[in-house]
Amino acid sequence: MQKKLFIKTYGCQMNVYDSARMAEALAPLGYVPVDTVDDADLAILNTCHIREKAAEKVFSELGRLRVLRNEREKPLLIGVAGCVAQAEGAEIQRRAPFVDLVVGPQTYHRLPHLVAQALHAPVVDTDFPAEDKFDLLPTERSVDGPAAFLTVQEGCDKFCTFCVVPYTRGAEASRPLRQVLDEACQLAAKGVREITLLGQNVNAYHGLDENGRPASLATLMRALAAIPGIARLRYTTSHPRDMGDDLIAAHRDLPALMPFLHLPVQSGSDRVLAAMNRRHKADDYRRIVGRLRDARPDIALSSDFIVGFPGETDADFRATMALVEETGFAQAFSFKYSPRPGTPAAEAADAVDEAAKSERLAELQALLLRQQTAFNAACLGRTLPVLLEKPGRHPGQLVGKSPYLQAVSVVGLNEGIGSVVDVMIDTVLSNSLSGVPAGRPAADRAA
Ligand code: SAH
Ligand code: SF4
Ligand code: F3S
């Protein structure tokens, strides 16, 4: 019998990928994904533990699910997956004993079995199992539009002192080259044109090739670029320490590799970088950016920043501002430091007070927004290749992505979803661009 599955996804792109794979794993049991929880038979929250706010959201959402279940007649199974499940399985059982199912990121291939068990009694599975979920998940992938995520690496051995990921996702592991290529071929055969390779440390990828030798991310991307239909490649998230020569060369040599890179630096202060255990200096970051720009002059950069890390002085913060000024980012994410249970930095005695954190964040975000606005403004009048992804709000309009991940709406097209078209940008809005097909006479363009 058909049953309705509602999955709500928090956190990073890897959770988005995992949610899709969970739905695929549950399909053989008759579960069909739905967009709202109201009529669902099973609701799964795929959670994020990275900052306190993200983790707390889960408990309030669980409260809402309990109310919904009590108010309606139809039974509802409630599940928690993802990084909060992994880190706080026991805490969830204590604070939300009505939850039927807790499953970590490494064991969701066991969902069919766990759901069957949960119908009788609550179940928790947060193992780091010996088996590899990728060997056991259904190989048949579902596709949702021409751009897809593909996890190639998981876990992290870097142990930045602020970060929960090494604890929630476990040790670094790379999927074998062949397994990734098979999944990519399947996606391409179903109409996918752009693949974003995912990993908590994706550029540390070292999956084994058919001869049992480790292949680098650059090697993997060269093989992916050769798959018919694949027009665009991206990868995220990278660590500066793993920006190897061959990866930088791939930015020069692979036209499919989009000239946009998310390369988190966190701070511009060497003292703070050392306390964070990032194991590189601000100047190393500058050098890497310089080499990337030499290899691919049109590359645009994105980054993550943490302000108010324990012990961060005003001078440290100025060093971050200086690095941002100098580098110029097309886009960025910035956060107030959030102490996370079990991480070394959470024990630090020299916490920065909330007011200073807020002030620094506001100042940094104002600068990053100015840079982003300037970057977008500079696109006016340029012709950018756009991968058309979905219909827009107006008739005859399609929306897609530029190489720099900007949303671009286009009218007057002859091509459809899945095509990459050259678009002349004629309007720059705060969060998107719009334009018309390049090189067509104006009369042709009227939509
Ligand atoms: N693997 C990536 C980051 C993953 S987490 C990397 O190495 O850069 C995504 C971002 O969340 C991080 O880049 C960091 O900026 C932020 N973050 C992680 N832990 C945090 C914490 N405890 N407080 C505030 N921000 C945090
Ligand atoms: Fe977290 Fe650092 Fe690993 Fe990134 S590299 S996932 S920030 S521990
Ligand atoms: Fe969050 Fe886990 Fe991703 S903590 S950022 S969902 S790896």
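Taken together, the values in this text are just the output of simple stated rules run on the coordinates, not laboratory data. Note that the structure is predicted; figures quoted are calculated from it, not measured. Note that each Cβ is placed from the backbone with ideal geometry, even for glycine, and that neighbours are counted across all protein chains shown.
Every residue, every condition in (1) surrounded by 19 or more Cβ atoms within 10 Å (Cβ to Cβ); (2) closer than 30 Å to PRO146 by Cα; (3) away from ligand 2 (no atom under 16 Å from the Cβ), yes or no:
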position: ALA330; (1), (2), (3): yes, yes, yes
position: GLY342; (1), (2), (3): no, no, no
position: ALA345; (1), (2), (3): yes, no, no
position: LEU380; (1), (2), (3): no, yes, yes
position: LEU384; (1), (2), (3): yes, yes, yes
position: LEU387; (1), (2), (3): yes, yes, yes
position: GLY396; (1), (2), (3): no, yes, yes
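Please give the number of the condition VAL202 fails out of (1) under 26 Å from GLU389 (Cα atoms); (2) within 10 Å of ligand 2 (Cβ to nearest atom); (3) not charged (D, E, K, R).
VAL202 satisfies all of (1) under 26 Å from GLU389 (Cα atoms); (2) within 10 Å of ligand 2 (Cβ to nearest atom); (3) not charged (D, E, K, R) except (2).
Scan the stretch 1-15 residue by residue and report those that are buried (at least 18 other Cβ atoms within 10 Å of the Cβ) and assigned to a loop (DSSP other than H, G, I, E, B).
Once the filter is applied, which keeps residues that are buried (at least 18 other Cβ atoms within 10 Å of the Cβ) and assigned to a loop (DSSP other than H, G, I, E, B), the stretch 1-15 yields TYR10, GLY11, CYS12.
Looking only at the stretch 70-114, count how many residues are acidic (Asp, Glu) and closer than 13 Å to THR47 by Cβ.
Qualifying residue count for the region: 2.
Against the conditions (1) more than 16 Å from ligand 1 (Cβ to nearest atom); (2) surrounded by 17 or more Cβ atoms within 10 Å (Cβ to Cβ); (3) part of a helix (DSSP H, G or I), where does ALA43 fall short? Just the number, please.
Going through (1) more than 16 Å from ligand 1 (Cβ to nearest atom); (2) surrounded by 17 or more Cβ atoms within 10 Å (Cβ to Cβ); (3) part of a helix (DSSP H, G or I) one by one, ALA43 breaks only (3).
Which of the residues spanning the stretch 16-40 are within 16 Å of ligand 1 (Cβ to nearest atom) and buried (at least 22 other Cβ atoms within 10 Å of the Cβ)?
Correct list: ASP18 only.
Name the single residue that is surrounded by the most Cβ atoms within 10 Å (Cβ to Cβ) among those in the stretch 85-100 being among the aliphatic types (A, V, I, L, M) and touching a residue at least 40 places away in the same chain (Cβ under 8 Å).
ALA85
Could you tell me which of the residues GLU73, GLU56, GLU61 is under 24 Å from the mean Cα position of the chain (by Cα) and free of Cβ contacts under 8 Å to residues at least 12 places away in the same chain?
GLU56 is the lone residue from the list that is under 24 Å from the mean Cα position of the chain (by Cα) and free of Cβ contacts under 8 Å to residues at least 12 places away in the same chain.
Scan the stretch 237-246 and give yes if some residue there is within 16 Å of ligand 2 (Cβ to nearest atom) and either at positive phi or in contact with an Asp or Glu (Cβ under 7 Å, 6 or more places away or on another chain) (or both), otherwise no.
There is at least one residue in the stretch 237-246 that is within 16 Å of ligand 2 (Cβ to nearest atom) and either at positive phi or in contact with an Asp or Glu (Cβ under 7 Å, 6 or more places away or on another chain) (or both).
Which one of ARG110, ARG21 is within 16 Å of ligand 3 (Cβ to nearest atom) and either outside any strand (DSSP E or B) or out of contact with any Phe, Trp or Tyr (no Cβ under 6 Å at 6 or more places or on another chain) (or both)?
Of the residues listed, the single one that is within 16 Å of ligand 3 (Cβ to nearest atom) and either outside any strand (DSSP E or B) or out of contact with any Phe, Trp or Tyr (no Cβ under 6 Å at 6 or more places or on another chain) (or both) is ARG21.
Are there strands (runs of 3 or more DSSP E) fully within the stretch 132-239 with at least 2 residues that are more than 16 Å from ligand 3 (Cβ to nearest atom) and among the basic types (Lys, Arg)? List them.
232-236
Only one residue in VAL436, VAL428 is under 24 Å from PRO297 (Cα atoms) and touching a helix residue (DSSP H, G or I) at 6+ places or on another chain (Cβ under 6 Å), so which one is that?
Going through VAL436, VAL428 in turn, the sole match is VAL428.
On the basis of being closer than 21 Å to ILE50 by Cβ and either assigned to a strand (DSSP E or B) or away from ligand 2 (no atom under 16 Å from the Cβ) (or both), does PHE317 make the cut?
no
Could you list, in sequence order, the residues of the stretch 328-349 that are more than 15 Å from ligand 3 (Cβ to nearest atom), in contact with an Asp or Glu (Cβ under 9 Å, 6 or more places away or on another chain) and charged (D, E, K, R)?
LYS336
Go through the stretch 263-281 residue by residue and tally those that are surrounded by fewer than 23 Cβ atoms within 10 Å (Cβ to Cβ) and not in a loop (DSSP other than H, G, I, E, B).
Qualifying residue count, the stretch 263-281: 4.
Restricting the stretch 111-132 to residues that are without any contact (Cβ under 8 Å) to a residue 40 or more places away in the chain and either touching a strand residue (DSSP E or B) at 6+ places or on another chain (Cβ under 6 Å) or at positive phi (or both), which is surrounded by the fewest Cβ atoms within 10 Å (Cβ to Cβ)?
Result: GLN117.
Could you list all residues from the stretch 294-314 that are more than 16 Å from ligand 2 (Cβ to nearest atom) and surrounded by fewer than 16 Cβ atoms within 10 Å (Cβ to Cβ)?
Residues satisfying the conditions are ASP294, PRO297, ASP298, THR313, ASP314.
Identify, please: which residue in the stretch 85-116 is of a type in the set (Val, Ile, Thr) and in contact with a Gly (Cβ under 9 Å, 6 or more places away or on another chain) and is, among those, farthest from ASP135 (Cα to Cα)?
Result: VAL99.
Here's a check for you: in the stretch 49-97, which residue that is farther than 19 Å from LYS3 by Cβ and not in a helix (DSSP H, G or I) is farthest from ligand 2 (Cβ to nearest atom)?
Across the stretch 49-97, the extreme among qualifying residues is PRO97.
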